[in-house]
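Participant: The structure under discussion is supplied below as structure tokens; questions concerning it will follow.
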Amino acid sequence: MNLLLRLSPMTDNFYPLTCDYDLLLIDKDTFTVARFKEFAMDSLNKTIYSRCSSNHGPEIFNYLNNYGYEIDQKIVLTLTQSSWSNVSTSVECKLLSLTSGKGWISGKLIIKSTVNFFPEDYKNFTYDPKSPSYPKSEIDMELQFCPDELEPLETSDASLDELRQKLQIY
């Protein structure tokens, strides 16, 4: 599945998509949130482990696991975790939230992910060329959506009258 992703400015109006059964419409393709997340996770796994199977993969794992900071050749601080976090560019889409009853909402979708290359079970992993195995990474992924139009706050004349009375404005 190839998706053309477009750059857009990041805003604070993105919120996590937590209902796996909500629907996403991207171009002419429709996905449940859970299925789209599966595709994204598969893509990320393939990217990580195809690099590992290249000639440089073993060195990357060894380098990450043994990397540290040396300060003025006196203090050495080793890493306690090797991880990579990213946020994708946004893609135009429509969201159908099954619980909102509002129909399709136009907006943008992003993917936030964090890959922990060395979970606790693999501390001090060293690649052995005689037994080429790689540590299993932990991946956290979240889909986030930002509607094109923010929903207006619901106000009624009664609530405005109540506010005017509290503020003594007529």
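Participant: If you add up the charges near residue 114, with Lys and Arg at +1 and Asp and Glu at -1, over every other residue whose beta carbon is less than 10 angstrom from its beta carbon, what do you get?
Facilitator: Working: positive: 112; negative: 138, 140, 142.
Neighbour charge sum, excluding residue 114 itself: -2.
Participant: What nm distance separates the two modelled labels at residue 77 and residue 29, each placed 7 Å from Cα along Cα→Cβ?
Facilitator: The modelled label-to-label distance comes out at 4.2 nm.
Participant: Can you work out ³J(HN,Hα) from phi for every residue in the range 18-25, in order, using Karplus 6.51 cos²θ - 1.76 cosθ + 1.60 and θ = phi - 60°, giving whole Hz and x for Gly and Pro?
Facilitator: 9, 8, 4, 9, 4, 10, 10, 10
Participant: Using 0.36 nm per residue, how much length does the chain from residue 138 to residue 87 gain when fully extended, once their Cα-Cα distance is taken away? List each step's numbers first, then the result.
Facilitator: Values: separation 51, 0.36 × 51 = 18.36 nm, distance 1.67 nm.
Residue separation times 0.36 nm, minus the Cα-Cα distance, leaves 16.7 nm.
Each reported figure results from applying straightforward, stated rules to the coordinates on display, with no laboratory input. Computed from a prediction, not measured in an experiment: that's the story for all the values here. Neighbour counts run over all protein chains shown; Cβ positions are idealised from the backbone, glycine included.
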